[in-house]
1. Of the listed peptides 354-362, 48-56, 280-288, what is their order by residue-averaged count of other C-beta atoms within 10 Å, with the highest listed first?
2. Any aspartates and glutamates with Cα under 13 Å of the residue 382 Cα? List them, leaving off those in the same chain fewer than 8 positions away.
3. Nearest 500 deg cm²/dmol is fine: what mean residue ellipticity at 222 nm does the chain get from its DSSP H runs of n ≥ 4 alone, each adding -39,500 (n - 2.57), divided by its residue count?
4. Which whole-percent values make up P(r) of the stretch 167-216 when all C-alpha to C-alpha distances are grouped in 10 Å steps starting at zero?
5. When only alpha-carbon atoms are used, what values of Rg and Dmax, in angstrom, describe the chain?
6. Send over a whole-number figure in Å² for the accessible area per residue of the stretch 217-292, probe 1.4 Å.
7. Tell me the chymotrypsin sites (Phe, Trp or Tyr not before Pro) within the stretch 143-244 that lie in a loop according to DSSP and have at most 12 other beta-carbon atoms within 10 Å.
8. Which aspartates and glutamates, if any, have their Cα less than 14 Å from the Cα of residue 225, not counting same-chain residues under 8 positions apart?
Amino acid sequence: MRNSILAALFLTLAGCVATPPPRTVASAAVETRAPVTILVSIDGFRPDYLDRGVTPNLSALAAGGVSAAMRPSFPSKTFPNHWAIVTGLRPDRNGIVGNTMEDVRRPGETFTMATDDPFWWGEAEPIWVAAEKAGIRSATMFWPGANVAWGGTLKPHSYGAVDGGTRPEDWQQFNQAVTGEQRVNAVLDWLRRPEAIRPKFLTLYFDTVDSAGHGFGPAAPETTKAVGEVDALIGMLRRGLADLGQPANLVIVADHGMAPTSSERTIALDRIVKPTDARVIESGPYASFVPLPGRETALDTALLRPWPHMQCWRKSQIPARFHYGRNDRVPPILCLAADGWSIVKTAPDKPFVGGNHGYDNDQPDMRALFIANGPAFAKGRKLATFDNVDVAPLLRDVLGLPAAQGIDGTDAPFREVIKP
Ligand SMILES: [Zn+2]
């Protein structure tokens, strides 16, 4: 009796609900996706941070892929190196010679990390522009220069409007307040799109490891905590990709490492250079100077002699291994501090410890993370240290772009570990 009531009820309900269409092979099959390429930067991530026991995701990617301690370009600063990674040209040739710079063609103007006038970025073509030109849709969840309409001309007095130029098809204006989770979700949301408007090349950028390294020093527990938090975001990205059935070639890099600094290791410029002799363009791990008119000899006399913990050169005499000094934007005199020393405007009035980068790019603590993992790469291979300008040729190979001509980098370090 009860069973027949239930049976009648079920039939009634079944009559109310639209009968689902029979499953066909097409609707039952999960879409088979071609691999995408995701270039991830973890700013200031030193390769030995993988030894702290807080990076299960990055360590697994390294173990199942290709890893190395990568050499940044000089100066080992954020913008010059992010631009070197995506152009294959060292700062001296890619035009981003510092985080702050001047150009005689733009008197009275200063490039800062907020500058998106294409004028400053035009000396080297980034890989997303090459990709867009080749019909490979790109999307950038932050990367220095990715918000620039590359090759365009800024319209005067127009709140950033640009004539012409090429940007990634999708891009975001950098804002540190966008959380790591939001950045990962943005990448996953782009990959959730229908295939026709889905990117094939993406970038993703995290800044918190660098910030902790600066604020507390590379050995500090706060830095280790930030490393673990970014590792968890990499885990979130991996799970999201797996849920989408999206294979990916991940190329995870850092722009530079981090050296410990201290108020015990400072060089005070006000005791060396008179403000009437020069303008200081940058200071910190290195300092750069433009002599004031008629004060060239006075500045040379003040700086060009032996110093403890510091070396100064005219730009034409910077040692060749730095590949730095030919670009017009490099100021006439450069002083480089010894690793962990800080060139400061005045002696610090209270003690500090922290971290910095910008030093000799061949110093071990300036080394940068490199991990490549995915169907394009061999598994479990550790490479000898290579230059970060080699990453752009690697990305071109993975994306199927023709080799770029006349750049500084080469894909030679990867020939044994990349699958044809
Ligand atoms: Zn950086």
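The values are calculated or read from the model by the stated rules, or taken from the named source; none is laboratory data. All values reported here derive from a predicted model rather than from experimental measurement. Note: ideal-geometry Cβ built from the backbone for every residue, glycine included; neighbour counts use all protein chains shown. To get the accessible areas, we keep the full protein, side chains included, count just its heavy atoms, and leave off ligands, DNA and RNA. Shrake-Rupley method; radii C 1.70, N 1.55, O 1.52, S 1.80 Å.
1. Packing order, densest peptide first, comes out as 354-362, 280-288, 48-56.
2. Hits, sequence-local ones excluded: 416.
3. After summing the helix terms and dividing by residue count, I get -8000 deg cm²/dmol.
4. Using 10 Å bins, I get a P(r) of 20, 47, 24, 8, 1 for the stretch 167-216.
5. 25.4, 109
6. 36 Å²
7. 159
8. Of all the aspartates and glutamates, those that pass the test against residue 225 - Cα under 14 Å, at least 8 places apart if same chain - are 51, 207, 210.
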